[in-house]
Amino acid sequence: MNKSRVEAFIDAIIAIVLTVLILEIKVPDEPSLKMFFSEWRMAFSYLMTFILVMFSWYVQHGMFLAIKRVKLGGFIGVCVWLFVLSFLPVTTAFVGRFPSYWGAELVYLMVALLWLLSAQLMSFLIIRENRDVSEMKEFIKRQAGSVMLTSNIIWTVVATALIFVIPEIGMLTPIVTVIIQIISNRHRSRQLSA
C-alpha cells in the first residue's frame, strides 16, 4: 500500500477528531464573561487531549518519514490506533463535564492507555514490515519504546489509585505522557552518543 495514502488517511481522521473535540466547548447562551469562563474545565480537557493527539501525530509522522511501505499488518495497526483515537472526543467531553467524578477520570485514563498500547502495536507492525529500511533502524534507535511504555503503564496505575482521592489527576495524563516520551528519548539519545 502506498504510504502517502495511509498518511493522508491518518491526517484526515486526526483532523476530524480534533474538530469534534472543539465542538464540545459550548458558547454561552447569554453574553457573559462569567458564563464564558465557566467552560474552563471543558477547555482544559480539550487542551490536554489536543496535546496528546498532536504529540502522538508528531511521533507517528517521524516514523512514516523513515518507512518505505505499509502492508496489511501495518494498515490494521493504523486502523486500531485510529479506532481508539476516535473515542477521545467522548472521553474528553465526559471528563470535561465531570472532572471531579472518578469514573470519568478512570474512563479517560483507560482510553489513553489503550491508545498508547494501540500506538505500540501500530509501530511494531510497521517496523516489522520495514526491517530492511536503514532509516527505520535509526528511528528505532532514537525511540525509547519499552521505557516509555513501562513508564506510562506505571503512571496509569498510580493515577488510577489517586483518582479516588484527587479525581482531576487523570486529566494530567497527556502532559505526563509527553514528558515521559521526551525524557525517554533524550535518555536513549544520550546512551547512543556514549
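The values are calculated or read from the model by the stated rules, or taken from the named source; none is laboratory data. Quick caveat, the model's predicted, so the values are computed rather than measured. Positions of Cβ are generated from backbone atoms using ideal geometry, with glycine treated the same way; all protein chains shown enter the neighbour counts. These accessible areas exclude ligands, DNA and RNA; they are computed on the full protein's heavy atoms, side chains included. Shrake-Rupley method; radii C 1.70, N 1.55, O 1.52, S 1.80 Å.
What number of residues within segment 125-158 are open to solvent by less than 30 Å² (accessible area, probe 1.4 Å), at pLDDT 75 or above and over 21 Å from the mean Cα position of the chain (by Cα)? Going through segment 125-158 one residue at a time, the tally reaches 3.
With 53, 59, 80 as the choices, which residue is touching a helix residue (DSSP H, G or I) at 6+ places or on another chain (Cβ under 8 Å) and touching a residue at least 60 places away in the same chain (Cβ under 8 Å)? Outline the logic, then answer.
Numbers: 53 fails: touching a residue at least 60 places away in the same chain (Cβ under 8 Å); 80 fails: touching a residue at least 60 places away in the same chain (Cβ under 8 Å).
Only one candidate qualifies: 59.
Name the one entry in 104, 161, 93 that is more than 13 Å from the chain's Cα centre (by Cα), small (Gly, Ala, Ser) and surrounded by fewer than 16 Cβ atoms within 10 Å (Cβ to Cβ). Full working, then the answer.
On the way: 104 fails: surrounded by fewer than 16 Cβ atoms within 10 Å (Cβ to Cβ); 93 fails: surrounded by fewer than 16 Cβ atoms within 10 Å (Cβ to Cβ).
Criteria check complete, one pass: 161.
Of the residues in segment 96-108, at least one is at pLDDT below 90 and of a type in the set (Gly, Ala, Ser). Counting residues in segment 109-124 that are modelled with pLDDT of 85 or more, open to solvent by less than 10 Å² (accessible area, probe 1.4 Å) and over 14 Å from the mean Cα position of the chain (by Cα) gives zero.
Out of all the residues in segment 166-194, which are closer than 14 Å to residue 99 by Cβ and open to solvent by 30 Å² or more (accessible area, probe 1.4 Å)? Selection gives 166, 168, 172.
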